[in-house]
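Input: a single structure, listed below in structure tokens.
Each reported figure results from applying straightforward, stated rules to the coordinates on display, with no laboratory input. Predicted model only: the values in this text are computed from it and were never measured. Don't worry about glycine lacking a Cβ; one is built from the backbone with ideal geometry, like all the others, and counts go over all protein chains shown.
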Amino acid sequence: MSGTGFGASAVLKLTGVSYRQLDYWARTRLVGSSIRQAAGRGSRRVYSFSDLVALRVVRQLREAGVSIQTIRRAVRWLRNHADQPLSTLALTAQGKRVFALTDDLAKLIDSTGGGQVVLAISVQSVARHLERGVTEISAPREVTIRVRGRGYKAVLTPDLEVGGYTVEVPELPGCLTEGDDLADAKRMAKDAVDLWLSVTESQNARTRARPT
């Protein structure tokens with residue numbers, strides 16, 4: 001997963017955060033896009049898998065009522081430990097144990113003697129959940145399209161960084177195209193097949209017309 005980049009559309013699906021949260025957290029540098037940042041109108045943020053883990057943890061912390069200041073310390077701590085095994089991790093803030101990141105429980109809210117709230121989140125569980133999500137949304141899907149009265153199998157592969165799909169028709173070598181969404185990918189696949197057939201017919205006609 002370390003070499004995979006994720007665009008905003010994939011990030012929203014995988015982490016469950018809203019676009020407003022994603023944009024605000026990036027602009028305030030709470031959790032940004034470490035592969036590529038937005039640089040003007042029309043540019044795209046590209047997030048790493050580590051960014052996805054941080055976003056998911058931040059979402060859980062906010063839902064539990066943890067303050068933004070504490071979360072900022074948590075995110076810094078999480079990034080410092082991103083290269084080591086995500087297990088039995090803990091964080092202290094302001095001299096008190098505010099919350100712990102451990103490999104014991106997916107989520108636990110418990111009160112301690114002084115009325116202090118301790119939040120435990122399994123970062124490893126978060127990472128595994130995200131890995132399963134990446135596998136699911138990146139899996140190619142096959143659709144059948146009809147062109148000139150015949151069905152053709154098209155393979156649509158999601159582009160997690162840019163969004164949309166790349167499309168290939170295995171039966172027709174070199175028949176490739178792209179689509180912004182599922183409906184567009186199907187339309188583009190039909191156009192690509194029709195064009196491929198037209199070009200092939202034209203080439204065959206020229207071959208037959210050549211003098212022997």
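Before we move on, is V193 surrounded by 12 or more Cβ atoms within 10 Å (Cβ to Cβ), under 26 Å from the mean Cα position of the chain (by Cα) and not in a loop (DSSP other than H, G, I, E, B)? So V193 does not fit the description; no. Scanning segment 196-212 for residues that are outside any loop (DSSP other than H, G, I, E, B), over 20 Å from V155 (Cβ atoms) and either of a type in the set (D, E, K, R) or under 35 Å from the mean Cα position of the chain (by Cα) (or both) yields E201, R206, R208. Taken across segment 196-205, residues that are out of contact with any helix residue (DSSP H, G or I) (no Cβ under 9 Å at 6 or more places or on another chain), surrounded by 17 or more Cβ atoms within 10 Å (Cβ to Cβ) and closer than 23 Å to E136 by Cβ do not occur at all. Within segment 17-71, the residues that satisfy the criterion of being charged (D, E, K, R), part of a helix (DSSP H, G or I) and either in contact (Cβ under 8 Å) with a residue 12 or more places away in the chain or in contact with a helix residue (DSSP H, G or I) (Cβ under 9 Å, 6 or more places away or on another chain) (or both) are D23, D51, R56, R59, R62.
Could you check segment 139-157 and list, in sequence order, the residues that are touching a residue at least 40 places away in the same chain (Cβ under 8 Å) and not in a strand (DSSP E or B)? R148, the sole residue that qualifies. Looking only at segment 158-178, count every residue that is in a strand (DSSP E or B) and either within 24 Å of I35 (Cα to Cα) or of a type in the set (D, E) (or both) and tell me the total. Adding up the residues that qualify gives 5.
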